[in-house]
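This report refers to the structure that appears directly beneath it.
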Amino acid sequence: MDHDAVLEEIGGFGKYQIKILLFLLLPVIFSSANTVAYIFIARAPPYRCYIDQCEQFESATYDQDWLQYAVPGSISSGKFVPEGCFKYSYNDIAITGNNTCQANLFSQQIIKCDSWIFDENEVTMINDWPSEMTCTENEWKLALIGTSNFAGVMMGSAVFGLIADLYGRQPTFIFANIFMVFTGIGQALSISYTMLFIFTLLNSAGTTGVYFSVFVLIIEMLDKKKRELSSVLLNYMFAIGGVMAGVIVYFERNWRHLTLWIAAPPIIFIFEYWFVPESLCWLLSNKLYSRAYKIVQKAAKDNKKELSANIINQFETQNGFKASELQESQALKKRSKTNYIELLKSKILLIRILVLCFIWSTNTLVFYGLSLYSVSLSGNIYFNFIFGSLIEIPGTTIAWIVMNKIGRRYSLVISFLICGIGSVVGAFVDAEIVWLQVCSFLISKMAISTAFTITCVYTAEMMPTNTRSGCVGAFSTISRLSSLLAPFVPLLKNYYSFLPLLVFGSFPLAAGCLSLLLPETLGSSLPDTIIEAENIGI
(Lines give C-alpha, C1' and ligand atoms only; values in the text may rest on other atoms or scores of the structure.)
Protein backbone atom coordinates (compact mmCIF):
# COMPACT_ATOMS: atom_id res chain seq x y z
CA MET A 1 0.00 0.00 0.00
CA ASP A 2 1.42 3.37 -1.00
CA HIS A 3 2.16 5.60 1.99
CA ASP A 4 1.93 8.87 0.05
CA ALA A 5 -1.47 7.85 -1.31
CA VAL A 6 -2.72 7.22 2.22
CA LEU A 7 -1.39 10.62 3.33
CA GLU A 8 -3.35 12.29 0.56
CA GLU A 9 -6.49 10.60 1.88
CA ILE A 10 -6.05 11.63 5.51
CA GLY A 11 -4.32 14.99 4.89
CA GLY A 12 -0.57 15.36 5.00
CA PHE A 13 -0.51 18.42 7.27
CA GLY A 14 -3.58 19.03 9.40
CA LYS A 15 -4.77 19.16 12.99
CA TYR A 16 -3.65 15.58 13.57
CA GLN A 17 -0.04 16.25 12.48
CA ILE A 18 0.20 19.61 14.24
CA LYS A 19 -0.94 18.08 17.55
CA ILE A 20 1.70 15.35 17.33
CA LEU A 21 4.38 17.86 16.32
CA LEU A 22 3.84 19.77 19.55
CA PHE A 23 4.45 16.60 21.56
CA LEU A 24 7.52 15.61 19.53
CA LEU A 25 9.36 18.91 19.38
CA LEU A 26 9.57 19.80 23.09
CA PRO A 27 11.92 16.90 24.01
CA VAL A 28 14.26 17.99 21.20
CA ILE A 29 14.92 21.27 23.04
CA PHE A 30 16.28 19.35 26.02
CA SER A 31 18.09 16.92 23.74
CA SER A 32 19.92 19.89 22.23
CA ALA A 33 20.68 21.46 25.61
CA ASN A 34 22.13 18.16 26.85
CA THR A 35 24.24 17.88 23.69
CA VAL A 36 25.90 21.30 23.97
CA ALA A 37 26.14 21.66 27.75
CA TYR A 38 29.51 19.89 27.82
CA ILE A 39 31.04 23.01 26.20
CA PHE A 40 30.67 24.72 29.57
CA ILE A 41 31.03 21.63 31.76
CA ALA A 42 34.45 20.82 30.27
CA ARG A 43 35.59 24.42 29.84
CA ALA A 44 38.71 25.70 31.54
CA PRO A 45 37.65 28.61 33.80
CA PRO A 46 40.20 31.32 34.62
CA TYR A 47 42.63 30.03 37.22
CA ARG A 48 46.03 30.94 38.66
CA CYS A 49 48.64 29.56 41.01
CA TYR A 50 48.00 29.63 44.72
CA ILE A 51 50.64 31.84 46.40
CA ASP A 52 50.92 30.32 49.85
CA GLN A 53 53.15 33.09 51.18
CA CYS A 54 50.58 35.75 50.40
CA GLU A 55 47.14 34.24 51.04
CA GLN A 56 45.18 31.60 52.90
CA PHE A 57 43.78 28.88 50.63
CA GLU A 58 40.30 28.82 52.21
CA SER A 59 39.73 32.56 51.75
CA ALA A 60 41.77 33.20 48.59
CA THR A 61 40.08 34.88 45.61
CA TYR A 62 41.13 34.90 41.98
CA ASP A 63 41.72 38.64 41.58
CA GLN A 64 44.40 40.27 43.71
CA ASP A 65 46.24 43.59 43.34
CA TRP A 66 49.64 41.95 43.87
CA LEU A 67 49.25 39.19 41.24
CA GLN A 68 51.44 40.88 38.65
CA TYR A 69 54.36 40.65 41.10
CA ALA A 70 53.75 37.01 42.02
CA VAL A 71 52.91 35.32 38.71
CA PRO A 72 53.81 35.85 35.04
CA GLY A 73 51.04 37.00 32.74
CA SER A 74 49.94 39.53 30.14
CA ILE A 75 47.82 42.63 29.83
CA SER A 76 44.51 42.25 27.96
CA SER A 77 42.07 45.15 27.60
CA GLY A 78 43.94 47.00 30.34
CA LYS A 79 43.67 44.10 32.80
CA PHE A 80 46.38 41.77 34.04
CA VAL A 81 45.69 38.15 33.05
CA PRO A 82 47.85 35.64 34.98
CA GLU A 83 49.24 32.46 33.50
CA GLY A 84 47.54 29.44 34.94
CA CYS A 85 50.38 27.16 35.98
CA PHE A 86 53.47 29.24 36.77
CA LYS A 87 54.55 31.63 39.47
CA TYR A 88 57.65 33.55 40.48
CA SER A 89 59.80 32.07 43.20
CA TYR A 90 59.54 33.80 46.58
CA ASN A 91 62.51 35.55 48.20
CA ASP A 92 61.82 33.75 51.45
CA ILE A 93 61.00 36.83 53.49
CA ALA A 94 58.79 35.95 56.44
CA ILE A 95 55.51 37.46 55.35
CA THR A 96 52.60 35.00 55.17
CA GLY A 97 48.86 35.29 54.72
CA ASN A 98 48.60 39.06 55.13
CA ASN A 99 48.04 40.06 51.50
CA THR A 100 50.93 42.54 51.65
CA CYS A 101 52.92 40.97 48.83
CA GLN A 102 55.05 43.43 46.89
CA ALA A 103 57.30 43.25 43.85
CA ASN A 104 60.58 43.03 45.79
CA LEU A 105 59.40 39.87 47.53
CA PHE A 106 59.64 37.83 44.31
CA SER A 107 62.47 36.91 42.01
CA GLN A 108 62.14 36.55 38.24
CA GLN A 109 62.69 32.82 38.41
CA ILE A 110 59.60 31.02 37.10
CA ILE A 111 58.52 27.79 38.77
CA LYS A 112 55.51 25.52 38.27
CA CYS A 113 52.81 25.38 40.91
CA ASP A 114 50.70 22.47 42.18
CA SER A 115 47.76 24.31 43.75
CA TRP A 116 45.32 26.64 42.07
CA ILE A 117 42.80 29.37 42.77
CA PHE A 118 39.83 29.50 40.39
CA ASP A 119 37.64 32.35 39.31
CA GLU A 120 34.77 32.09 41.77
CA ASN A 121 32.27 33.16 39.09
CA GLU A 122 32.48 29.82 37.29
CA VAL A 123 32.64 26.22 38.52
CA THR A 124 33.43 23.54 35.94
CA MET A 125 34.66 19.97 36.22
CA ILE A 126 38.23 21.26 36.61
CA ASN A 127 37.34 22.65 40.02
CA ASP A 128 36.50 19.14 41.20
CA TRP A 129 39.65 17.48 39.87
CA PRO A 130 42.24 20.29 39.48
CA SER A 131 45.39 18.19 39.68
CA GLU A 132 44.19 16.07 36.73
CA MET A 133 43.10 18.80 34.32
CA THR A 134 44.92 22.07 34.85
CA CYS A 135 47.77 23.31 32.64
CA THR A 136 48.49 22.86 28.94
CA GLU A 137 49.66 19.26 29.20
CA ASN A 138 46.23 18.26 30.56
CA GLU A 139 44.04 20.17 28.09
CA TRP A 140 43.51 16.95 26.15
CA LYS A 141 41.47 15.60 29.06
CA LEU A 142 38.98 18.42 28.67
CA ALA A 143 38.85 17.87 24.92
CA LEU A 144 38.38 14.15 25.59
CA ILE A 145 35.09 14.89 27.36
CA GLY A 146 33.98 16.54 24.12
CA THR A 147 35.18 13.49 22.21
CA SER A 148 33.20 11.30 24.62
CA ASN A 149 30.16 13.43 23.82
CA PHE A 150 30.55 12.90 20.08
CA ALA A 151 31.41 9.22 20.49
CA GLY A 152 28.12 8.85 22.35
CA VAL A 153 26.31 10.59 19.51
CA MET A 154 27.98 8.17 17.10
CA MET A 155 26.95 5.19 19.20
CA GLY A 156 23.41 6.49 19.63
CA SER A 157 23.00 7.14 15.92
CA ALA A 158 23.87 3.55 15.10
CA VAL A 159 22.03 1.80 17.93
CA PHE A 160 18.85 3.86 18.04
CA GLY A 161 18.64 4.06 14.25
CA LEU A 162 18.61 0.28 13.97
CA ILE A 163 16.21 -0.09 16.91
CA ALA A 164 13.83 2.35 15.24
CA ASP A 165 13.87 0.32 12.01
CA LEU A 166 13.38 -2.99 13.83
CA TYR A 167 10.94 -2.13 16.60
CA GLY A 168 9.37 1.14 15.52
CA ARG A 169 9.93 4.86 15.83
CA GLN A 170 7.59 5.53 18.75
CA PRO A 171 8.99 3.09 21.38
CA THR A 172 12.53 4.13 20.39
CA PHE A 173 11.63 7.77 21.01
CA ILE A 174 10.21 7.07 24.48
CA PHE A 175 13.08 4.82 25.55
CA ALA A 176 15.71 7.28 24.30
CA ASN A 177 14.07 10.11 26.27
CA ILE A 178 14.13 8.10 29.52
CA PHE A 179 17.71 7.00 28.84
CA MET A 180 18.73 10.65 28.28
CA VAL A 181 17.25 11.72 31.62
CA PHE A 182 18.91 9.12 33.84
CA THR A 183 22.32 9.30 32.19
CA GLY A 184 22.21 13.10 32.49
CA ILE A 185 21.54 12.80 36.20
CA GLY A 186 24.44 10.35 36.33
CA GLN A 187 26.68 13.07 34.85
CA ALA A 188 25.70 15.52 37.59
CA LEU A 189 26.39 12.96 40.33
CA SER A 190 29.76 11.80 38.95
CA ILE A 191 32.45 11.38 41.60
CA SER A 192 35.40 10.91 39.23
CA TYR A 193 36.63 11.96 35.82
CA THR A 194 36.17 8.41 34.51
CA MET A 195 32.58 8.27 35.75
CA LEU A 196 31.82 11.60 34.10
CA PHE A 197 33.40 10.39 30.86
CA ILE A 198 31.19 7.27 30.80
CA PHE A 199 27.95 9.08 31.61
CA THR A 200 28.73 11.78 29.03
CA LEU A 201 29.11 9.01 26.45
CA LEU A 202 25.80 7.40 27.44
CA ASN A 203 23.90 10.66 27.73
CA SER A 204 24.96 11.71 24.24
CA ALA A 205 23.71 8.39 22.90
CA GLY A 206 20.33 9.09 24.49
CA THR A 207 20.09 12.65 23.15
CA THR A 208 20.82 11.35 19.66
CA GLY A 209 18.16 8.67 20.01
CA VAL A 210 15.61 11.36 20.84
CA TYR A 211 16.67 13.59 17.96
CA PHE A 212 16.71 10.99 15.18
CA SER A 213 13.59 9.11 16.26
CA VAL A 214 11.72 12.42 16.26
CA PHE A 215 13.21 13.35 12.88
CA VAL A 216 12.08 10.12 11.24
CA LEU A 217 8.66 10.26 12.91
CA ILE A 218 8.08 13.75 11.53
CA ILE A 219 9.41 13.17 8.02
CA GLU A 220 7.22 10.06 7.66
CA MET A 221 4.19 11.85 9.05
CA LEU A 222 4.12 14.79 6.62
CA ASP A 223 3.32 14.82 2.91
CA LYS A 224 6.06 15.53 0.38
CA LYS A 225 5.12 19.20 0.08
CA LYS A 226 5.81 19.74 3.78
CA ARG A 227 8.56 17.18 4.27
CA GLU A 228 11.33 19.74 4.69
CA LEU A 229 9.55 20.90 7.85
CA SER A 230 11.00 17.86 9.63
CA SER A 231 14.54 19.17 9.49
CA VAL A 232 13.54 22.84 9.73
CA LEU A 233 11.48 22.42 12.89
CA LEU A 234 14.05 20.16 14.51
CA ASN A 235 16.82 22.65 13.84
CA TYR A 236 14.68 25.43 15.29
CA MET A 237 14.29 23.36 18.43
CA PHE A 238 18.00 22.53 18.45
CA ALA A 239 18.83 26.25 18.27
CA ILE A 240 16.35 27.04 21.05
CA GLY A 241 17.92 24.27 23.13
CA GLY A 242 21.35 25.83 22.62
CA VAL A 243 20.04 29.25 23.64
CA MET A 244 18.37 27.69 26.69
CA ALA A 245 21.65 26.07 27.72
CA GLY A 246 23.48 29.39 27.27
CA VAL A 247 20.91 31.29 29.35
CA ILE A 248 20.91 28.68 32.13
CA VAL A 249 24.70 28.64 32.35
CA TYR A 250 24.76 32.45 32.39
CA PHE A 251 22.80 32.38 35.65
CA GLU A 252 23.95 29.00 36.97
CA ARG A 253 27.74 28.72 36.79
CA ASN A 254 28.06 25.49 38.80
CA TRP A 255 28.39 22.61 36.35
CA ARG A 256 26.58 20.05 38.51
CA HIS A 257 23.55 22.28 39.02
CA LEU A 258 23.58 23.21 35.34
CA THR A 259 23.52 19.53 34.36
CA LEU A 260 20.58 18.79 36.64
CA TRP A 261 18.61 21.77 35.34
CA ILE A 262 18.99 20.43 31.81
CA ALA A 263 18.84 16.68 32.39
CA ALA A 264 15.99 16.15 34.88
CA PRO A 265 12.94 18.02 33.41
CA PRO A 266 12.48 15.78 30.30
CA ILE A 267 11.24 12.98 32.58
CA ILE A 268 7.78 14.55 32.23
CA PHE A 269 7.76 13.58 28.55
CA ILE A 270 7.24 9.93 29.44
CA PHE A 271 3.49 10.64 29.23
CA GLU A 272 3.90 11.10 25.49
CA TYR A 273 3.83 7.32 25.16
CA TRP A 274 0.05 7.62 25.17
CA PHE A 275 -0.13 10.58 22.76
CA VAL A 276 2.52 9.94 20.09
CA PRO A 277 1.48 7.17 17.63
CA GLU A 278 3.76 4.90 15.65
CA SER A 279 4.89 6.01 12.19
CA LEU A 280 2.22 5.11 9.63
CA CYS A 281 4.96 4.66 7.02
CA TRP A 282 6.77 2.12 9.23
CA LEU A 283 3.56 0.21 9.98
CA LEU A 284 2.63 -0.05 6.31
CA SER A 285 6.15 -1.05 5.31
CA ASN A 286 6.07 -3.84 7.92
CA LYS A 287 2.52 -4.95 6.92
CA LEU A 288 1.04 -4.07 10.32
CA TYR A 289 -2.19 -3.03 8.65
CA SER A 290 -4.49 -3.38 11.66
CA ARG A 291 -2.53 -0.83 13.70
CA ALA A 292 -2.08 1.37 10.65
CA TYR A 293 -5.81 1.45 9.94
CA LYS A 294 -6.59 2.70 13.46
CA ILE A 295 -4.14 5.57 12.95
CA VAL A 296 -5.58 6.34 9.51
CA GLN A 297 -9.09 6.52 10.96
CA LYS A 298 -7.96 8.78 13.81
CA ALA A 299 -6.01 11.08 11.49
CA ALA A 300 -8.88 11.36 8.99
CA LYS A 301 -11.26 12.25 11.81
CA ASP A 302 -8.96 14.94 13.27
CA ASN A 303 -8.22 16.40 9.83
CA LYS A 304 -11.93 16.25 8.87
CA LYS A 305 -11.23 14.02 5.87
CA GLU A 306 -13.48 11.34 4.39
CA LEU A 307 -11.74 8.06 3.55
CA SER A 308 -12.42 6.76 0.07
CA ALA A 309 -14.01 3.36 -0.51
CA ASN A 310 -10.79 2.25 -2.22
CA ILE A 311 -8.62 2.88 0.85
CA ILE A 312 -11.15 1.31 3.21
CA ASN A 313 -11.42 -1.71 0.96
CA GLN A 314 -7.63 -2.15 0.86
CA PHE A 315 -7.39 -2.10 4.65
CA GLU A 316 -10.34 -4.40 5.13
CA THR A 317 -8.87 -7.11 2.93
CA GLN A 318 -6.49 -9.01 5.19
CA ASN A 319 -3.19 -7.84 3.72
CA GLY A 320 -4.35 -4.59 2.22
CA PHE A 321 -4.90 -6.05 -1.28
CA LYS A 322 -7.54 -8.11 -3.04
CA ALA A 323 -6.70 -11.79 -3.27
CA SER A 324 -6.10 -11.66 -7.02
CA GLU A 325 -3.62 -8.82 -6.60
CA LEU A 326 -1.91 -10.14 -3.50
CA GLN A 327 0.32 -12.74 -5.15
CA GLU A 328 1.57 -10.28 -7.75
CA SER A 329 2.32 -7.68 -5.08
CA GLN A 330 4.17 -10.15 -2.86
CA ALA A 331 6.28 -11.32 -5.79
CA LEU A 332 7.15 -7.74 -6.64
CA LYS A 333 8.10 -7.01 -3.06
CA LYS A 334 10.27 -10.11 -2.93
CA ARG A 335 12.16 -8.99 -6.04
CA SER A 336 12.57 -5.43 -4.89
CA LYS A 337 12.85 -5.91 -1.13
CA THR A 338 15.29 -3.40 0.26
CA ASN A 339 18.00 -4.27 2.74
CA TYR A 340 21.34 -2.80 3.61
CA ILE A 341 23.43 -5.29 1.61
CA GLU A 342 21.44 -4.71 -1.58
CA LEU A 343 21.70 -0.99 -0.97
CA LEU A 344 25.50 -1.17 -1.16
CA LYS A 345 25.40 -3.37 -4.26
CA SER A 346 23.86 -0.52 -6.26
CA LYS A 347 26.71 1.47 -7.85
CA ILE A 348 24.51 4.54 -8.17
CA LEU A 349 23.51 4.49 -4.51
CA LEU A 350 27.02 3.58 -3.36
CA ILE A 351 28.44 6.75 -4.92
CA ARG A 352 25.70 8.81 -3.29
CA ILE A 353 26.33 7.13 0.05
CA LEU A 354 30.06 7.95 -0.09
CA VAL A 355 29.33 11.58 -0.96
CA LEU A 356 26.76 11.80 1.83
CA CYS A 357 29.28 10.36 4.30
CA PHE A 358 31.66 13.23 3.57
CA ILE A 359 28.85 15.80 3.65
CA TRP A 360 27.56 14.56 7.00
CA SER A 361 31.11 14.48 8.39
CA THR A 362 31.68 18.05 7.26
CA ASN A 363 28.42 19.21 8.81
CA THR A 364 29.12 17.73 12.22
CA LEU A 365 32.80 18.72 12.33
CA VAL A 366 32.14 22.33 11.37
CA PHE A 367 28.82 22.84 13.17
CA TYR A 368 30.02 21.55 16.54
CA GLY A 369 33.52 22.85 16.00
CA LEU A 370 32.22 26.39 15.52
CA SER A 371 30.00 26.00 18.60
CA LEU A 372 33.11 25.10 20.58
CA TYR A 373 35.08 27.93 18.99
CA SER A 374 32.45 30.49 20.03
CA VAL A 375 33.78 30.48 23.62
CA SER A 376 37.26 31.27 22.27
CA LEU A 377 36.17 34.48 20.55
CA SER A 378 36.83 37.88 22.06
CA GLY A 379 34.08 39.30 24.25
CA ASN A 380 31.57 37.69 26.60
CA ILE A 381 31.71 33.92 26.09
CA TYR A 382 28.08 33.40 27.16
CA PHE A 383 26.70 36.01 24.78
CA ASN A 384 28.91 34.68 21.98
CA PHE A 385 27.52 31.20 22.52
CA ILE A 386 23.92 32.42 22.74
CA PHE A 387 24.28 34.49 19.56
CA GLY A 388 25.97 31.53 17.88
CA SER A 389 22.91 29.43 18.74
CA LEU A 390 20.41 32.14 17.76
CA ILE A 391 22.01 32.54 14.33
CA GLU A 392 21.02 28.94 13.60
CA ILE A 393 17.36 30.08 13.42
CA PRO A 394 17.79 32.38 10.39
CA GLY A 395 20.14 29.77 8.91
CA THR A 396 17.42 27.15 9.20
CA THR A 397 14.79 29.56 7.88
CA ILE A 398 16.93 30.28 4.83
CA ALA A 399 17.23 26.53 4.25
CA TRP A 400 13.45 26.18 4.37
CA ILE A 401 13.00 28.91 1.76
CA VAL A 402 15.77 28.02 -0.68
CA MET A 403 15.07 24.26 -0.59
CA ASN A 404 11.71 24.95 -2.19
CA LYS A 405 12.88 27.75 -4.46
CA ILE A 406 16.02 26.37 -6.07
CA GLY A 407 15.96 22.76 -4.88
CA ARG A 408 17.99 20.71 -2.40
CA ARG A 409 21.22 20.26 -4.37
CA TYR A 410 22.11 23.85 -5.28
CA SER A 411 20.94 25.11 -1.88
CA LEU A 412 23.39 22.73 -0.25
CA VAL A 413 26.23 23.73 -2.56
CA ILE A 414 25.77 27.46 -1.95
CA SER A 415 25.45 27.14 1.83
CA PHE A 416 28.67 25.09 2.04
CA LEU A 417 30.57 27.60 -0.08
CA ILE A 418 29.40 30.54 2.05
CA CYS A 419 30.42 28.72 5.23
CA GLY A 420 33.83 27.86 3.82
CA ILE A 421 34.56 31.36 2.60
CA GLY A 422 33.34 32.92 5.87
CA SER A 423 35.58 30.68 7.96
CA VAL A 424 38.67 31.18 5.79
CA VAL A 425 38.20 34.97 5.90
CA GLY A 426 37.69 34.83 9.67
CA ALA A 427 40.91 32.85 10.08
CA PHE A 428 42.97 35.84 8.97
CA VAL A 429 41.01 38.64 10.69
CA ASP A 430 43.01 40.44 13.36
CA ALA A 431 41.76 39.43 16.83
CA GLU A 432 41.63 43.11 17.78
CA ILE A 433 38.91 43.72 15.16
CA VAL A 434 36.32 42.02 17.32
CA TRP A 435 33.23 43.00 15.30
CA LEU A 436 34.64 41.57 12.06
CA GLN A 437 35.81 38.39 13.75
CA VAL A 438 32.39 37.82 15.32
CA CYS A 439 30.55 38.67 12.07
CA SER A 440 32.56 36.19 10.00
CA PHE A 441 31.96 33.55 12.69
CA LEU A 442 28.20 34.19 12.70
CA ILE A 443 27.99 34.04 8.89
CA SER A 444 29.81 30.71 8.89
CA LYS A 445 27.63 29.32 11.70
CA MET A 446 24.47 30.45 9.91
CA ALA A 447 25.60 28.86 6.64
CA ILE A 448 26.53 25.52 8.21
CA SER A 449 23.15 25.51 9.97
CA THR A 450 21.55 25.94 6.55
CA ALA A 451 23.63 23.09 5.15
CA PHE A 452 22.81 20.81 8.08
CA THR A 453 19.08 21.43 7.71
CA ILE A 454 19.17 20.65 4.00
CA THR A 455 21.33 17.56 4.48
CA CYS A 456 18.90 15.88 6.89
CA VAL A 457 15.93 16.29 4.55
CA TYR A 458 17.97 15.52 1.44
CA THR A 459 19.35 12.28 2.88
CA ALA A 460 15.97 10.95 4.01
CA GLU A 461 14.49 11.69 0.60
CA MET A 462 17.14 9.58 -1.13
CA MET A 463 16.94 6.47 1.07
CA PRO A 464 14.37 3.60 0.75
CA THR A 465 11.76 3.24 3.52
CA ASN A 466 12.99 -0.01 5.09
CA THR A 467 16.45 1.45 5.60
CA ARG A 468 15.65 5.16 5.99
CA SER A 469 16.04 5.45 9.75
CA GLY A 470 19.03 3.10 9.78
CA CYS A 471 20.72 5.02 6.95
CA VAL A 472 20.21 8.40 8.61
CA GLY A 473 21.58 6.87 11.80
CA ALA A 474 24.51 5.33 9.90
CA PHE A 475 25.42 8.62 8.25
CA SER A 476 25.27 10.34 11.60
CA THR A 477 27.42 7.58 13.10
CA ILE A 478 30.07 7.86 10.41
CA SER A 479 30.04 11.65 10.62
CA ARG A 480 30.89 11.45 14.32
CA LEU A 481 34.29 10.01 13.43
CA SER A 482 35.20 13.49 12.23
CA SER A 483 33.37 15.23 15.05
CA LEU A 484 35.51 13.28 17.53
CA LEU A 485 38.25 15.64 16.39
CA ALA A 486 36.13 18.80 16.80
CA PRO A 487 37.08 19.41 20.48
CA PHE A 488 40.77 19.22 19.54
CA VAL A 489 40.66 21.57 16.53
CA PRO A 490 40.38 24.76 18.68
CA LEU A 491 43.60 23.67 20.44
CA LEU A 492 45.44 24.30 17.16
CA LYS A 493 45.37 28.00 18.05
CA ASN A 494 48.21 27.22 20.50
CA TYR A 495 50.40 26.80 17.41
CA TYR A 496 48.89 29.27 14.92
CA SER A 497 45.82 31.35 15.71
CA PHE A 498 44.38 31.00 12.20
CA LEU A 499 44.48 27.18 12.02
CA PRO A 500 41.11 26.31 13.64
CA LEU A 501 39.04 28.47 11.28
CA LEU A 502 41.16 27.43 8.31
CA VAL A 503 40.25 23.81 9.05
CA PHE A 504 36.59 24.74 9.50
CA GLY A 505 36.68 26.51 6.14
CA SER A 506 38.42 23.90 4.01
CA PHE A 507 35.95 21.07 4.57
CA PRO A 508 32.79 22.98 3.53
CA LEU A 509 34.48 24.13 0.31
CA ALA A 510 35.19 20.50 -0.61
CA ALA A 511 31.72 19.34 0.47
CA GLY A 512 30.09 22.01 -1.68
CA CYS A 513 31.83 20.71 -4.78
CA LEU A 514 30.96 17.06 -4.03
CA SER A 515 27.29 17.95 -3.51
CA LEU A 516 26.99 18.51 -7.26
CA LEU A 517 27.16 14.71 -7.68
CA LEU A 518 23.83 14.19 -5.91
CA PRO A 519 20.38 14.12 -7.62
CA GLU A 520 17.65 16.69 -7.08
CA THR A 521 14.81 15.36 -4.88
CA LEU A 522 12.47 18.36 -4.72
CA GLY A 523 8.90 17.15 -5.27
CA SER A 524 9.84 13.45 -5.40
CA SER A 525 7.93 10.78 -3.47
CA LEU A 526 9.76 8.94 -0.71
CA PRO A 527 11.30 5.83 -2.34
CA ASP A 528 10.23 2.43 -1.01
CA THR A 529 12.68 0.29 -3.02
CA ILE A 530 16.22 0.45 -4.36
CA ILE A 531 14.95 0.89 -7.91
CA GLU A 532 12.85 3.88 -6.87
CA ALA A 533 15.81 5.35 -4.99
CA GLU A 534 18.09 4.94 -8.03
CA ASN A 535 15.57 6.69 -10.27
CA ILE A 536 15.20 9.81 -8.12
CA GLY A 537 16.07 12.91 -10.11
CA ILE A 538 15.87 11.12 -13.45
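Modelled label positions at Y250 and Y410, each set 7 Å beyond Cα in the direction of Cβ, lie 4.0 nm from each other. Ranked by the mean number of other Cβ atoms within 10 Å per residue, highest first, peptides 35-47, 15-27, 451-463 order as 451-463, 35-47, 15-27.
Seen through its C-alpha gyration tensor, with square-root eigenvalues sorted a ≥ b ≥ c, the chain comes out prolate because a/c lies at 1.5 or above while a/b is bigger than b/c.
Might you report the magnitude of the Cβ-based charge dipole of the chain about its Cα centre, with Lys and Arg at +1 and Asp and Glu at -1, to the nearest 20 debye? Write down the numbers at each step before the final one.
Details: 37 positive and 40 negative charges, 391 e Å.
Here the size comes out at about 1880 debye.
Ordered by packing density, taken as the mean number of other Cβ atoms within 10 Å over each peptide's residues, highest first, how do 515-526, 64-75 rank?
Details: 515-526: 18.1, 64-75: 15.8.
The packing order, highest mean first, is 515-526, 64-75.
Annotation: cysteines of the chain without a disulfide-compatible partner (Cβ-Cβ under 4.7 angstrom) are C281, C357, C419, C439, C456, C471, C513.
Which residue, chosen from L217, N254, N91, occupies the Cα position most advanced towards the positive end of the dipole of the chain, where the dipole is computed from +1 (Lys, Arg) and -1 (Asp, Glu) charges on Cβ about the Cα centre? Value: L217.
Subtracting the Cα-Cα distance of T317 and S497 from 0.36 nm times their residue separation leaves 58.0 nm of extension gain.
Heavy-atom accessible surface of the chain, averaged per residue, reaches 43 Å², computed with a 1.4 Å probe. Rounded to the nearest 10 degrees, the angle from helix 229-251 to the longest Cα principal axis of the chain is 20 degrees.
Taking all protein chains as present, what is the carbon and sulfur share of the accessible area of the chain, in % to the nearest whole number, probe 1.4 Å? After summing per-atom areas, the C and S share lands at 64 percent.
Spatial offset of the stretch 2-22 relative to the stretch 498-538 amounts to 27 Å, using the alpha carbon center of each.
Shape call for the stretch 442-491 from the C-alpha gyration tensor, a ≥ b ≥ c root eigenvalues: rounded (a/c under 1.5), prolate (a/b greater than b/c) or oblate? Because a/c hits 1.5 or more and a/b fails to exceed b/c, the stretch 442-491 counts as oblate.
Taking the Cα centre of the stretch 385-538 as origin and charging only Cβ (+1 Lys, Arg; -1 Asp, Glu), how large is the dipole, in debye to the nearest 20?
Working: 7 positive and 8 negative charges, 33 e Å.
The dipole magnitude comes to about 160 debye.
Listed cross-link partners K298/K405; K226/K345; K225/K301; K19/K224; K19/K225 are compared with a 24 Å cut-off, the Cα-Cα value being larger for K298/K405; K226/K345.
Take 254-264, 109-119 and order them by the average number of nearby Cβ atoms within 10 Å per residue, most first; the result is 254-264, 109-119.
Assigning unit charges at the beta carbon (Lys, Arg +1; Asp, Glu -1) and nothing else, what dipole magnitude in debye, to the nearest 20, does the stretch 15-64 show about its Cα centre? Intermediate results must be reported in sequence, preceding the final value.
Values: 4 positive and 4 negative charges, 147 e Å.
Taking the Cα centre of the stretch 15-64 as origin, the dipole is about 700 debye.
Considering only the other residues whose Cβ falls under 15 Å of the Cβ of E278, what net charge follows from Lys and Arg at +1 and Asp and Glu at -1? The answer is +3.
Couplings 3J(HN,Hα) for the stretch 282-293, derived from phi with the Karplus relation 6.51 cos²θ - 1.76 cosθ + 1.60 (θ = phi - 60°), are 5, 4, 5, 5, 9, 6, 8, 5, 5, 5, 5, 5 Hz, where x marks Gly and Pro. Were the residues from D4 through W140 laid out at 0.36 nm apart, the gain over their Cα-Cα distance would be 44.0 nm.
Residue separation of K301 and C513 scaled by 0.36 nm, minus their Cα-Cα distance, works out to 71.6 nm of gained length. Around the amide H of V123, modelled in the peptide plane, lie the amide H atoms of N254, W255, all under 5 Å away and 5 or more residues distant in sequence or on another chain. The shape of the stretch 392-516 comes out oblate: with a ≥ b ≥ c from the C-alpha gyration tensor, a/c is at least 1.5 while a/b does not beat b/c. Here the stretch 357-392 is scanned for amide nitrogen atoms under 20 Å from the site 7 Å beyond the Cα of V434 along Cα-to-Cβ, giving 371-391.
The values are calculated or read from the model by the stated rules, or taken from the named source; none is laboratory data. Since the structure is predicted, the reported quantities are computational estimates derived from the model, not experimental observations. For neighbour counting, all protein chains shown are included, and Cβ atoms are generated from backbone atoms with ideal geometry for every residue, glycine included. In case anyone asks, the SASA skips ligands and DNA or RNA and just uses the protein heavy atoms, side chains included. Shrake-Rupley method; radii C 1.70, N 1.55, O 1.52, S 1.80 Å.
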